[in-house]
Amino acid sequence: MSIWIVFKLLGSLALLMFGMKSMSEALQKMAGPQLRHALGAMTTNRFTGLLTGAVVTASVQSSTATTVMTVSFVNAGLLTLAQAISVIMGANIGTTLTAWIMALGTSFDISVAVYPGFFLGIILIYLKKHRYVGDFLFGLAFLLLGLTTLKATGTAMDLGHNEAVTAFFRSFDPNSFLTTIIFLFLGGIMTFCVQSSAAVMAITMLLCSTGAMPIYQGIALVLGENIGTTITSNLAALSANTQARRAALAHMFFNVFGVIWILFIFHWFIDGVVWLVDYVGNLLGKDMNNMDSNEKLNFVLAAFHSCFNIINAGILIWLIPQIERFVCWVIKTKKMEEEEDFRLHFITAGLLKTPELSVLEAQKEIVSFSERMQRMFNMVRELLTEKDDQKFTKLYTRIEKYESISDNMEIEIASYLEQVSDAHLSDDTKGKIRAMLREISELESIGDSCYNMARTINRKVQGKNEHFTTRQYEHMHQMMELTDSALTQLNNLMGGRKESFNVNRSFNIENEINNFRDQLKSQNINDVNNHVYTYGIGTIYMDIISECEKLGDYIINVVEARMGTKQREA
């Protein structure tokens, strides 16, 4: 075998993988928001969840994309873990469409569609208005070109008559259980190494269709491929949060369970699939008995892949509550104090495959950032009334840690968004990234305001000579109550859909804060002049009131960024 043939084989696989990736990304750009809404709306029970996972995965040609969207919804509380498991089961069914595309591509002459696809694709890309359709056509053309080249390369290699190759596969007893296990592990390792189940499926079809590898060993590779894809997601989820790791483990459990039961009826099941392919082919008017036997094996592989996943889902869909309890028992929630847990909960390196979905994960991180800032503000409220010196010091230290966390979160999320923005994005997604960068900047300013209030309170406590009056305490509590209401409204917006959010409520609270600040400012001057309290305690008092007003401004800035409105004039 010449080195040129080897490079041609590797190059055709690279074309195939690139085509699949391009198609998936283009489809997600065209329908990403709609697909995310479909996942949220169409999972009312386990059956609709299964159907939704299958349809979405078949649409975007990426089970990873579906899994990532599903996990993000679990993190956001939009889906339960049980619903997520049903969607992931459906994703396993949807991804079998790839095998059928390859079977058709290696059995029919699809080269006639390659160059028209490139031509139409480049026209649409330059038209810009339909550039995502152009990207999709380019990806499809690359996929078809890869399949065509792979088929031609396989024919040129004539592996079925290559003595070294056939001798290798003949050295394994096709009826041996050990042979099945060996090829199962080989399929898993290959999928993990190349990070593409499509590439392993293409290699398997090439080997089987040329007669080099028996069908039983080819199907064992396909089984291993199912497990190999779950290894990747579990490794990626190691740095993710608890729910993400549970969803990844459920995915592995689903596939491993299927492999275990199929091994007991391995040969009988394959014989049944062969009969089904012959029967359906004859019903469609295609005499499968007269079709080249090696060519028919591609359809057998695709049919096995579909039948295995459909039957496995049909069995396990009734056991979803038990699977949920199992993964929760294996992966327990970590118990640690919130302020000691600085890490990004939703952004995880390696888990996300496309920029469009990365933006969704970053949005969940910003929601967490916003909620953390409200917790920090409530610590400040508690600090104001804390009388015990030891508890005061401990609480003040926690607030200092939170301020450091807010700085780090701004830097980490901004850095992540900058990396995402380097990719090819839709105009809508570019706008979202600009808004999100503004959001995190204003959220970090909220953290600064909270810390400034804590430092002011600490300065007053360290002085130990003067105290706030009862009326001052009442006014500060009223102002902080208004500010907390503004933060609650903000988090309602960040965690929900902006279409259903009444932005006027946030503006009304902001007006109340401004008016109350102006009222207290005038009253403070009068109280100091009338010697109700000293100028020093009055200054500290107004510093806290003014900081609350600034915090309210930052909240409105986040609301405006989220709603897509212009920033107000200062």
Notebook entry, point to check: Do any residues in segment 262-285 that are closer than 13 Å to ASN175 by Cα have Cβ atoms under 7 Å from those of residues that are open to solvent by less than 40 Å² (accessible area, probe 1.4 Å), where the two are at least six apart or on different chains, and which pairs are they?
Noted result: LEU263/THR180; PHE266/THR180; ILE270/ILE215; ILE270/ILE219; ILE270/PHE304
Notebook entry, point to check: Residues in segment 496-523 that are aromatic (Phe, Trp, Tyr), in a helix (DSSP H, G or I) and more than 19 Å from ILE446 (Cα to Cα): how many?
Noted result: 1
Notebook entry, point to check: List, please: which pairs have Cβ atoms under 6 Å, are six or more places apart or on different chains, and start with a residue in segment 144-168 that is within 11 Å of SER209 (Cβ to Cβ) and end with one that is open to solvent by less than 70 Å² (accessible area, probe 1.4 Å) and at pLDDT below 70?
Noted result: LYS151/THR106
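This table checks each residue for (1) modelled with pLDDT of 85 or more; (2) in a helix (DSSP H, G or I); (3) not acidic (Asp, Glu).
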{"residue": "PHE342", "(1), (2), (3)": "no, no, yes"}
{"residue": "ALA362", "(1), (2), (3)": "no, yes, yes"}
{"residue": "MET376", "(1), (2), (3)": "yes, yes, yes"}
{"residue": "GLN390", "(1), (2), (3)": "yes, yes, yes"}
{"residue": "LEU395", "(1), (2), (3)": "yes, yes, yes"}
{"residue": "ILE405", "(1), (2), (3)": "yes, yes, yes"}
{"residue": "ILE413", "(1), (2), (3)": "yes, yes, yes"}
{"residue": "ALA423", "(1), (2), (3)": "no, no, yes"}
Notebook entry, point to check: Can you name every residue in segment 446-459 that is in contact (Cβ under 8 Å) with a residue 60 or more places away in the chain, surrounded by fewer than 21 Cβ atoms within 10 Å (Cβ to Cβ) and not hydroxyl-bearing (Ser, Thr, Tyr)?
Noted result: ASN452, ASN458, ARG459
Notebook entry, point to check: Which members of segment 184-228 meet the condition of being at pLDDT 80 or above and not in a helix (DSSP H, G or I)?
Noted result: MET213, PRO214
Checklist line | Residues of segment 503-546 that turn out to be in contact with a Leu (Cβ under 6 Å, 6 or more places away or on another chain) and of a type in the set (D, E, K, R), as a count | finding: 1
Next item on the list: Looking only at segment 391-404, decide whether some residue is touching a Phe, Trp or Tyr at 6+ places or on another chain (Cβ under 7 Å) and open to solvent by less than 20 Å² (accessible area, probe 1.4 Å).
Entry: yes
Check: So CYS548 clears everything in (1) open to solvent by 40 Å² or more (accessible area, probe 1.4 Å); (2) assigned to a helix (DSSP H, G or I) except one condition, right? Which one?
Finding: (1)
Next item on the list: Search segment 372-396 for residues that are more than 15 Å from ASP484 (Cα to Cα) and pair each with any residue that is assigned to a helix (DSSP H, G or I) and of a type in the set (D, E, K, R) when their beta-carbon atoms are under 9 Å apart and the residues are at least 6 apart or on different chains.
Entry: LEU395/GLU382; TYR396/ARG455
Item checked: Restricting segment 405-414 to residues that are over 16 Å from SER449 (Cβ atoms) and touching a residue at least 40 places away in the same chain (Cβ under 8 Å), the residue that is least open to solvent (accessible area, probe 1.4 Å) -> ILE413
Item checked: GLU444 vs. criteria at pLDDT below 90, within 27 Å of the chain's Cα centre (by Cα) and of a type in the set (D, E, K, R) -> no
Check: So which residues in segment 80-103 are touching a Leu at 6+ places or on another chain (Cβ under 8 Å) and open to solvent by less than 10 Å² (accessible area, probe 1.4 Å)?
Finding: SER86, VAL87, MET89, GLY90, ALA99, MET102, ALA103
Next item on the list: Tally the residues that are in contact (Cβ under 8 Å) with a residue 40 or more places away in the chain and closer than 18 Å to MET205 by Cβ, restricting the search to segment 175-187.
Entry: 3
Margin query: Can you tell me how many residues within segment 551-565 are open to solvent by 10 Å² or more (accessible area, probe 1.4 Å) and not small (Gly, Ala, Ser)?
Written below: 6
Check: Only one of LEU520, LEU493, LEU482 is open to solvent by less than 70 Å² (accessible area, probe 1.4 Å) and over 23 Å from THR456 (Cα atoms); which?
Finding: LEU493
Notebook entry, point to check: Of the residues LEU493, LEU443, which single one is part of a helix (DSSP H, G or I), touching a residue at least 40 places away in the same chain (Cβ under 8 Å) and within 17 Å of MET379 (Cβ to Cβ)?
Noted result: LEU443
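The values are calculated or read from the model by the stated rules, or taken from the named source; none is laboratory data. In this text, all values refer to a predicted model and were calculated from it rather than measured experimentally. Counting neighbours? That spans all protein chains shown, and the Cβs are built from the backbone with ideal geometry, glycine included. All accessible areas refer to the heavy atoms of the entire protein, side chains included, with ligands and DNA or RNA removed. Shrake-Rupley method; radii C 1.70, N 1.55, O 1.52, S 1.80 Å.
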